[in-house]
Structures are given as structure tokens and as C-alpha cells.
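Engineer: Attaching a single structure in C-alpha cells format; questions to follow.
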Amino acid sequence: MRRILSLLCLFAAPTLLFAGGTMLPSHAGCSSPAEYSADLALLDRPTSIRAGAGKVTQKITARTAEVQALYDQGLAYLHSYVWIEAARSFHQALREDPECAMAWMGLARAEQGLNRDTESLVAIGRAKSLTPKVTERERRHIDLRAQQIDAQLAPPEKESEKHDAYKKAIEKAIAADPSDAELWILRGNAEEPGAWGRGQAGGIGAIAFYEAALARYPGHLGAHHYLVHAYENVGRHADAAEHAKIYAAAAPEVAHAQHMYGHVLPRLGRWKEALAQFQKADAIEESYAREERLRPGDDWHHVHNLQLLGYTYLRLGRQAEAEKTFRRAYDTPIRYPRYGREHATLAEYLLLRGRTEEALASARSLASRSAASARAAGAAVEGETLLALGRRPEAARAAKRARAELDQGKKEVAGYDAVWLERLIEPYIRTLDAEIALDEKPSAESETTLRKIADELAANPRFDAWGEGLFRLERIADQAKRSGRAALVRDILDRMRRIDPDYAPGSTTRQAAAADPSHQP
């Protein structure tokens, strides 16, 4: 639905008149619901060159050195998923040079990162109109960005065809100019399952392209960033950590750069170092929010970092700090459609600690949240908590509601966001359905399902999955114990040891009991 509205709005979107008579897309456009947008006034706010964003240079046709510097800054921010500051950098470049085609192209990419498809289409259309004034290398990038956007907005039956065509177009551009590192990076991004790929979901196929980019542009922070994700995705955590350390040093004031180093260290047993990185990312985000007067939730990354920071505190036995961090995440609005499950983390934590009534209240409070993912995850954790309380019929109703919320959420968003919603929320519902079935069916089907879920979590190389999964498995083991499935309990604990052989299951509940003798798990 959001895609349809975006296309309908394309030719009706209001515009703002900037210096030089150029019409820029207004941030009062109708491309996405308000809850899925950053502060629109912030995107138009003037900016300047900032220290610590990292340096990437791509020579463009620019009126002044300042415009080139602003473009380069925007490009660096794009490679770190800092969509707000990327958009502001490109807007500032366009104030200085309204006919800078590549700044329009970069703005199109930033707008997509902000879930603003209409504005992205307007910006890439402006870039296309200016291609007679640019070099052949720039023209290739503008044409490729236009083709990528077209593939991203294609109807489902055309997505694969257009994605393949986009990959072939990048390869043709590389053949024409193999020295262009940005082209190699685009081809690595395109190795992901859809045209929406931007460096997070690559694997073995993507690694070669990013390494090729580094051979042509040593130290390119974007290539190092995407190699962190790709090496983590294939389970090569030592290699991921090597690139993450370089990336973090290259962009010292970018929260995501610090976060990604923390992301890969736990699998190497370096939990305390990971904690320091997540804390550093949190400090950067808090400072940035104060300086730029952000609304809570404008920065998509903040809640995600809080969630992993909280789980790292939890793993290190720092319960009070874990709870405080999860409460901060719960209290922070989420303005991006694929996120929202982070708000359920507080209820998950309370359930793990045996504080079932508090967990139930927290999970139920998510029913009014705007993000479908928050509502769906909340309903699933509500069901899990009701099971722990022995209220199976209510748990079954919560499971049905979780499924309905997920289905509704996928209708509300499109493409990349729908894929991520399914990927992030489906495991909650599968787990709850199987746990309910433990008490309802004499067959081994439900146990088989839970063992499969446990195997998936134990084998998943991404910290988002197995770091959280360690504690999810502990909750599954608790429910299996309540259901009298001793063999299943042993198998789940075995999967937990595969994730982290040094973690002691039950430690969070024991610590809760030690702190409060009246506590009853």
C-alpha cells in the first residue's frame, strides 16, 4: 500500500524553492506514514563538514571544492547508513550547487534509506535531467541508481527479473571502468537476495566484490563496513573483526561503525570489548541527539544498539544495567517499519527473570504501538508469558493475534521491509505455536519444531540472532521443563552450549532470587 501511495504522490508532491531557483522535494510530501519518518524539518536544516564521519572521495562535477566535500561526506554517511546526515549533506551541496547531478543521486539513495520512496523518485529524476552536464562515469552511477530504484519498486512478479537486469547493468559498467571502486561495491550489494541490498545481507558471493573495491581504493570505509557484515554472515568472525576494527577507526564519530565492531566480538569470546563498543555507540548517539535536537527515535540505529547493549550487559551478569537499557529501548519510539520487536525485549527480559506479571503487562502494552512488528512480537511474548502462568487458552489466542499482526504488517509495507518483518517476527510465532503444542499433542512434532528453532539459532552467525537467541533458548528450556519434556530440555541446553559454552543457564533467575528472597520463578 505504501508503494502505491508513493507512486500516486510522485507528481503531486509539494516542492521548496532553494537558492538558484531549484525546486527541491518538500519534506511535507506523502510518501510514507508520519511514524515512519525522521523529523522532516531536520532533513532540511543546514549542515557543514563534520569531523569523524570518515572520508571517502568520489570525484564529481561540482561547482566548488565545498560542494565536492559535502558530496563526499554524504557518500561516507550513506556507507554507514546514517541516512539523516547523508540527506542533510546532499541538501547542503545542492544549496551551493543546485545542478550537481550526483548530489541529487546521493539524495535519492538517502531518501530511500529513510523510507521515502516518492522523494527518492523525485531526486533521481532531477539527477537524470542533469546527465548532459556530467561525465560518463557519473552518468553510469545515475543510470544505475535509477535502475535500482525501479527494481526496488517493481511488483513482486517482476522483482527477480529487474534485479537480474540491474546486476548485469553494474557488470557492464564495471567492464567499461574497472577502476571505479564504487561500482564494485554496488555489485557486492546486488549479491543480496533483492535489489534492496545495501551491504547487510551479503555472503561469499559479495565478499569478492568488496575485496575488489579495496584493491582499487585501499581503506574504503564502505568496503570494510560491508565486509564486516558479509564475513559475519558466513561465520568468519575473526575476519569480520579485522575489518570492523578498521571501519571503527575510520569513522570514530559514527555510532554504527563502533556498533559493528561490538557486533562480531562476542562470537570470539570478547564480551567485555564488545560492551565497550556498544557503550561507545550509545554515547555517540546520545550526544548527536542532544546536539541536533533529534526527537527520540529519529535515529533508526539507536534502539537497535540499545537492544544489543542490553543483551551484552545481561550476558556479563550486570542485571541492573541490562534492565535499565531494555527500559530505555522500550521507551524510545521506533519510526521505521521493519523495526519494533526491540520494544518486546523488556517483556522477554522480565519473563527470563521470572517476573511474569510484569512481563505480561509489558507485552500487552505493545498492542497500542504503531509498528506492526512491535504489536506482533508483543503478542507472541504475551502468549509465552501466559503459558508460563499456565493459561494455555489465552496463550493460544495471543498466538493468533500475533499472526494477524504480522500479516497486517506485511500488507502495510513493501519489498525489503516486508521481507525483514517476516524474517524477524516469524520465529517468535513459530516458537510460541510449538510451545503451546507441547501440552496439546502427544506426538513429537512440537519437540521437533523447537529443536529445529534451536539449531537455527545456534548455527546463525549474526549476533542479532544468536546473542538474543541464547536467552530465547533459555526461555524455551524453561517452558519445556514446565511441560515435563526432560529430553527436550537437555537438547536445548546443548544448543545453548554451542552458542556460548561459558554461559550458565538459569543464572539470571538465580541472581534475581538472591537479590530478593521473596522472588518466586
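The values are calculated or read from the model by the stated rules, or taken from the named source; none is laboratory data. The shown structure was predicted, so the numbers you read here are calculated from the model rather than taken from an experiment. Methodologically, a virtual Cβ is constructed for each residue, glycine included, from the backbone with ideal geometry; neighbour enumeration extends over all protein chains shown. We work out accessible area using only protein heavy atoms, side chains counted, and drop any ligands, DNA or RNA first. Shrake-Rupley method; radii C 1.70, N 1.55, O 1.52, S 1.80 Å.
Engineer: Please compute the Kirkwood hydrodynamic radius of region 34-118 from all pairs of different C-alpha atoms, in Å with one decimal. Before the final figure, lay out each step's value.
Structural biologist: Values: mean 1/r = 0.0797 Å⁻¹.
Final number for the Kirkwood radius of region 34-118 is 12.5 Å.
Engineer: Would you please classify the overall shape of region 437-505 from the alpha carbon gyration tensor, given that a ≥ b ≥ c denote the square roots of the eigenvalues, rounded means a/c under 1.5, and beyond that prolate means a/b larger than b/c while oblate covers the rest? Walk me through the intermediate numbers first.
Structural biologist: Values: a/c = 2.35, a/b = 1.71, b/c = 1.37.
Judged from the Cα gyration tensor, region 437-505 comes out prolate (a/c at least 1.5, a/b above b/c).
Engineer: A further question follows. Rounded if a/c is under 1.5, else prolate if a/b is larger than b/c, else oblate: which is region 176-248, with a ≥ b ≥ c the root eigenvalues of its Cα gyration tensor?
Structural biologist: Taking the square roots of the gyration eigenvalues as a ≥ b ≥ c, region 176-248 is oblate.
Engineer: Given 4 °C and 1.567 mPa s, how large is the Stokes-Einstein diffusion coefficient of region 75-203 in µm²/s, with Rh as the Kirkwood radius over Cα pairs?
Structural biologist: Estimated via Stokes-Einstein, D reaches 88 µm²/s.
Engineer: Take the Cβ-Cβ distance between Glu426 and Ser129 as r, set R0 to 51 Å, and report the resulting FRET efficiency rounded to the nearest 0.05. List each step's numbers first, then the result.
Structural biologist: Values: r = 43 Å, r/R0 = 0.83.
About 0.75, to the nearest 0.05.
Engineer: Give the aspartates and glutamates reachable from Lys128 as a straight Cα distance under 15 Å; neighbours fewer than 8 places away on the same chain don't count.
Structural biologist: Glu99, Glu119, Glu136, Glu138, Asp143, Asp150
Engineer: Then there is this: By how many degrees, 0 to 90 and rounded to 10, does the Cα axis of helix 204-216 deviate from the longest principal axis of the chain?
Structural biologist: 40 degrees
Engineer: How far is helix 300-315 tilted off the main Cα axis of the chain, in degrees rounded to 10, range 0 to 90?
Structural biologist: It works out to around 30 degrees.
Engineer: Additional query: Alpha carbon centre of region 86-161 versus region 374-400: separation in Å?
Structural biologist: 44 Å
Engineer: Any chance you could give the angle, 0 to 90 degrees and rounded to 10, that helix 463-482 forms with the longest Cα principal axis of the chain?
Structural biologist: So the helix axis and the longest Cα principal axis differ by about 20 degrees.
Engineer: From the residues Ala477, Ile284, Leu144, which one has its Cα farthest along the dipole of the chain in the positive direction, the dipole being from +1 and -1 charges on Cβ of Lys/Arg and Asp/Glu about the Cα centre?
Structural biologist: Toward the positive end, the furthest listed residue is Ala477.
Engineer: Largest first, please: the extent of the C-alpha atoms of region 177-302 along each principal axis, to the nearest Å.
Structural biologist: Taking max minus min along each principal axis of the Cα atoms, region 177-302 gives 43, 34, 27 Å.
Engineer: Mind putting a number on the dipole of region 26-167 about its Cα centre? Charges go on the C-beta only, +1 for Lys and Arg and -1 for Asp and Glu, and I need it in Debye to the nearest 20.
Structural biologist: Around 460 debye, computed over region 26-167.
Engineer: If you don't mind, there's one more thing I want to ask. If you build the Cα gyration tensor of region 339-431 and take the root of 5 times each eigenvalue, what three semi-axes come out, in whole angstrom, biggest first?
Structural biologist: Values: eigenvalues 98, 33, 21 Å².
After scaling each eigenvalue by five and taking roots: 22, 13, 10 Å.
Engineer: Less than 21 Å apart at the alpha-carbon level, and either on another chain or at least 8 residues along: which lysines does that give for Lys411?
Structural biologist: Within the straight-line limit of under 21 Å, Lys411 reaches these lysines: Lys158, Lys400.
Engineer: What does the charge dipole of the chain about its Cα centre add up to, to the nearest 20 debye, if the Cβ of each Lys and Arg holds +1 and the Cβ of each Asp and Glu holds -1?
Structural biologist: On the way: 72 positive and 72 negative charges, 74 e Å.
Dipole of the chain, to the nearest 20 debye: 360 debye.
Engineer: Give the carbon-plus-sulfur fraction of the accessible surface of the chain in %, rounded to a whole number; probe 1.4 Å, heavy atoms of protein chains only. Working shown, then result.
Structural biologist: On the way: 10680 of 19610 Å².
Carbon and sulfur together cover 54 percent of it.
Engineer: Right, something else. Any chance you could run the full-extension gain for Ala487 through Ile49? It's 0.36 nm times the residue separation minus the Cα-Cα distance, nm to one decimal.
Structural biologist: Working: separation 438, 0.36 × 438 = 157.68 nm, distance 6.00 nm.
Extra length from Ala487 to Ile49 when fully extended: 151.7 nm.
Engineer: I've got another one for you. Provide the per residue accessible area, probe 1.4 Å, for the chain, rounded to a whole number of square angstrom. Please list the in-between numbers first.
Structural biologist: Working: 19610 Å² over 521 residues.
Here the residues of the chain average 38 Å² of exposed surface.
Engineer: Oh, and also: Which of Ala206, Asn189, Ala329 sits closest to the plus end of the dipole of the chain, meaning its Cα is farthest towards the positive end, when Lys and Arg get +1 and Asp and Glu get -1 on the C-beta?
Structural biologist: Ala329
Engineer: Given Trp300, Trp104, Leu406, which one lies farthest toward the positive end of the charge dipole of the chain, if we put +1 on the Cβ of every Lys and Arg and -1 on the Cβ of every Asp and Glu?
Structural biologist: Most positive-ward Cα: Leu406.
Engineer: On the full set of protein chains, 1.4 Å probe, figure out the accessible area of Trp420 and give it in Å² to the nearest 10.
Structural biologist: Roughly 30 Å² of Trp420 is accessible to a 1.4 Å probe.
Engineer: So, with +1 on the Cβ of K and R and -1 on the Cβ of D and E, and no other charges, what is the size of the charge dipole of region 188-243 about its Cα centre, to the nearest 20 debye? Spell out each step's value before the answer.
Structural biologist: Details: 3 positive and 6 negative charges, 25 e Å.
Rounded to the nearest 20 debye, it is 120 debye.
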